[in-house]
């Protein structure tokens with residue numbers, strides 16, 4: 001009977017929570033796939049070389065754009081748009097901060113925590129949230145119009 005307690009009951013999870021979790025998963029997968037493709041592009045065309053064809057950057061951005069569209073498709077209310085925006089942005093911000101700490105951090109006074117202590121970082125993150133929320137809201141409206 002222990003196996004019965006571990007079963008997933010779809011009726012117990014609200015559509016908003018399900019959308020949040022699916023968006024979080026899609027965004028994490030999209031950022032990982034996008035980062036892998038970007039690393040491959042940069043390995044083939046290192047900085048200082050002639051550079052990759054601009055179409056390659058479209059391929060890099062595609063997984064993230066697909067995750068953004070998925071977030072809009074799953075959002076049917078304003079609350080869902082706000083939560084899906086957060087779910088979309090969390091993995092993207094974690095990946096960006098991780099890449100910064102691993103590859104681009106200059107190592108100046110204050111160490112790595114200096115980035116997280118600046119008002120500029122938090123303002124940019126807030127701006128990114130507003131932009132993502134607007135894009136997910138527009139995507140949600142577009143999906144609603146298509147469904148009708």
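Of note:
- Distance in nm between pseudo-label sites at residue 13 and residue 59 (7 Å out along the Cβ direction from Cα): 3.3
- Between residue 29 and residue 148, the FRET efficiency from the beta-carbon distance, with R0 = 22 Å, is close to 0.15.
- Point-to-point label distance, residue 50-residue 79, nm (Cα→Cβ direction, 7 Å offset): 5.6
- Between residue 69 and residue 120, the C-beta separation translates, for a Förster distance of 30 Å, into a calculated FRET efficiency of about 0.50.
- Burial ranking of peptide ranges 134-146, 87-99 (average Cβ count within 10 Å, highest at the top): 87-99, 134-146
Bear in mind these aren't lab numbers, they're just calculated from the coordinates by the rules spelled out. Treat the numbers as computed from the prediction; the structure is a model and nothing was measured. Heads up, the Cβs are rebuilt from the backbone with ideal geometry, glycines too, and the neighbour counts pull from every protein chain shown.
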